[in-house]
Amino acid sequence: MTSSNVLQQLNDRALALLEDEAHQIEKLIQVQMENLATRYCPLYEEVLDTQMYGFSRQVDFAVKAGLLQELTGKQLVSKLERNLATLYEALENRSVSSS
């Protein structure tokens, strides 16, 4: 196995792990949103902030370690932020329709 093959496998593995982590965060936030009356709950905000910060640090590490291209890392974080914004909107719509 050549060093470029090993590097590609490491890159692919890093990307897969980060994508899985993003999916886990989305699931966690979605479950919380379904069980909370309002998104302004301090616990919700704390979990969101902590999860997003941790994920962005993981992405930064992978980029700095050369396991992920910077553009790919930015796309991962951006996609997660968009998905979370969609979840926010769903909660807003649920709150408005139940009023």
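For segment 64-93, the candidate set comprises residues that are of a type in the set (A, V, I, L, M) and under 11 Å from the mean Cα position of the chain (by Cα); within that set, the residue that is farthest from ALA22 (Cα to Cα) is LEU84.
Regarding segment 25-40, can at least one residue be identified that is open to solvent by 40 Å² or more (accessible area, probe 1.4 Å), among the aromatic types (Phe, Trp, Tyr) and modelled with pLDDT of 90 or more? For segment 25-40, residues open to solvent by 40 Å² or more (accessible area, probe 1.4 Å), among the aromatic types (Phe, Trp, Tyr) and modelled with pLDDT of 90 or more: absent. Restricting attention to segment 63-81, the residues that are polar (S, T, N, Q) and open to solvent by 100 Å² or more (accessible area, probe 1.4 Å) add up to 2. Going through (1) part of a helix (DSSP H, G or I); (2) at pLDDT 80 or above; (3) more than 12 Å from the chain's Cα centre (by Cα); (4) not aliphatic (A, V, I, L, M) one by one, GLN51 falls short only on (3).
The values are calculated or read from the model by the stated rules, or taken from the named source; none is laboratory data. Remember, it's a predicted structure, so these values are computed and weren't measured experimentally. Just so you know, the surface numbers come from the protein's heavy atoms only, side chains and all, with ligands and any DNA or RNA stripped out. Shrake-Rupley method; radii C 1.70, N 1.55, O 1.52, S 1.80 Å.
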